[in-house]
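The values are calculated or read from the model by the stated rules, or taken from the named source; none is laboratory data. For clarity, every value in this text was computed on a predicted model and none was experimentally measured. Counting neighbours? That spans all protein chains shown, and the Cβs are built from the backbone with ideal geometry, glycine included. Keep in mind that these areas ignore ligands, DNA and RNA; they rest on the heavy atoms of the full protein, side chains included. Shrake-Rupley method; radii C 1.70, N 1.55, O 1.52, S 1.80 Å.
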Amino acid sequence: MPDLKPHIDLFAILILLGIIQGGFLVYFFLTHSKGKQFPNRFLGIALLSMIVLMSDVWLGYTNYMVQVLGLVDSTEPVNLVIFPCLYLYFRTSLRKTWPWKEAWHFLPAALYLIYMVAMWYPQPLSLKYEAFLDAFHPEVPQPPFECYGERWMFWPKWHINDFTGISMVIYLFLGWKEISQAFKRSQLSLWSSQQSELLWYRNLMVHLTLIVIIYLVTRATFESDLGDHLVVAHMAFVIYATSFTIIRQSGFFKVERPEPPKYERSSLTPELQRRTLEKLQTLISTEKPYLDSACSLPKLAQQLGVSTHHLSQVLNDAMGLSFFEWLAKHRIQEAKELLRSSQYNHLKIEEIAESVGYNSKSAFNGAFKRETGQTPAVFRSSSLSAGTSS
């Protein structure tokens, strides 16, 4: 056995500190994952998988793996966990739902774990030592080794890096799709600098994209696993950036300053507000402007003969609603009437969505569920059943 002494350099220190810092983040996200913070569980599991993978690479890169040969390649199943978890973090955070059918995303990792339990973990240490040398020291002559199983049985393990790359690219695409749709729903450009909670998701996705690019370039450039330290070094950087963002957003360092009232300088008088509300109620009962798919705050303000700013203030102060909340409330109320009535039972959900001002079924379903806690189809079914029984 060649004398492979442990060595520590800048990359080793950077990765080790990232592992330690990542442990704190895992604890933070997993202990803050109840109720509305449930998506944090996926982020915590993704970070835990990252530090497990980083630990494996650190042991190989520093040659400490020689001391624990039984761990060689033992973490490979988590390669297929990281990006599905990150995608589900984005999905559940942005859609506010977690359908359990989405658990199938972990099936590839589970199948590969079963394969490793059967085919790799029980292998003799001599084979694992050969695998370590092949990955990190291809220049060292390979010593004799023993193994069990036919050569073709190792095909999945030989291609785990390919499976990992495919998984990364697929879930990167799905993650960007979720974020793009979220920005679109908020009527913001994907690269907008306007302060929004969406900036956190977009910036995190940018870092993940860089990880994927570095991974693909490394796989194409370096022989075996020689460039893995570059990939996990960027993972460490993502962990540092995430920690910095959490600290920066913490209220601990913020100086509390009283904020001025939102409409402190508004020229809207109580009398003008009263008249605007009366006009709005009349317009609602006579024309139902919210059913127009092109209904907007400026257009509604023009119909009422008031400024956009004043109408926004009226909705906020008198009704406690933003324009989009007001719009959704009236549209969904109208949709509920149609769905309750057997007279309109022949209409499809898409037709009802269009009749109340929505251009897509998905947007209608999302708004309806936020307003009522049910999908339009379930609401219609339960309403008609209740009507029939009565």
Where residues in the stretch 117-129 are more than 24 Å from Arg219 (Cα to Cα) and hydroxyl-bearing (Ser, Thr, Tyr), which of them is surrounded by the most Cβ atoms within 10 Å (Cβ to Cβ)?
Ser126
The stretch 130-167, subset more than 38 Å from the chain's Cα centre (by Cα) and assigned to a helix (DSSP H, G or I), residue surrounded by the most Cβ atoms within 10 Å (Cβ to Cβ):
Glu130
In this structure, is Lys5 farther than 22 Å from Arg95 by Cα, open to solvent by 30 Å² or more (accessible area, probe 1.4 Å), charged (D, E, K, R) and modelled with pLDDT under 90?
yes
Please find, among Ile51, Ile45, Ile19, the residue that is open to solvent by less than 50 Å² (accessible area, probe 1.4 Å), β-branched (Val, Ile, Thr) and closer than 20 Å to Tyr87 by Cβ.
Ile51
Being open to solvent by 50 Å² or more (accessible area, probe 1.4 Å), hydrophobic (A, V, I, L, M, F, W, C) and touching a helix residue (DSSP H, G or I) at 6+ places or on another chain (Cβ under 8 Å), is that true of even one residue in the stretch 294-305?
no
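Looking for whichever is modelled with pLDDT of 70 or more and surrounded by fewer than 14 Cβ atoms within 10 Å (Cβ to Cβ) here; the options are Ala233, Ala220. Which one fits?
Values: Ala233 fails: surrounded by fewer than 14 Cβ atoms within 10 Å (Cβ to Cβ).
One residue alone meets the criteria, Ala220.
Within the stretch 244-283, track down each residue that is at pLDDT below 65 and open to solvent by 100 Å² or more (accessible area, probe 1.4 Å). Before the answer, list the steps.
The first filter runs over the stretch 244-283 and keeps only residues at pLDDT below 65, leaving 250-266.
Phe252, Phe253, Lys254, Val255, Glu256, Arg257, Pro258, Glu259, Lys262, Glu264, Arg265 - these are the residues of the stretch 244-283 that are at pLDDT below 65 and open to solvent by 100 Å² or more (accessible area, probe 1.4 Å).
Across the stretch 362-390, which residue is most open to solvent (accessible area, probe 1.4 Å) among those that are of a type in the set (Ser, Thr, Tyr) and not in a helix (DSSP H, G or I)?
Ser390
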Being free of Cβ contacts under 8 Å to residues at least 60 places away in the same chain and farther than 28 Å from Ala220 by Cβ is the filter; apply it to the stretch 168-184 and report the residue that is surrounded by the most Cβ atoms within 10 Å (Cβ to Cβ).
Phe183
So which residues in the stretch 346-361 are without any contact (Cβ under 8 Å) to a residue 60 or more places away in the chain and surrounded by 11 or more Cβ atoms within 10 Å (Cβ to Cβ)?
Leu347, Ile349, Glu350, Glu351, Ile352, Ala353, Ser360, Lys361
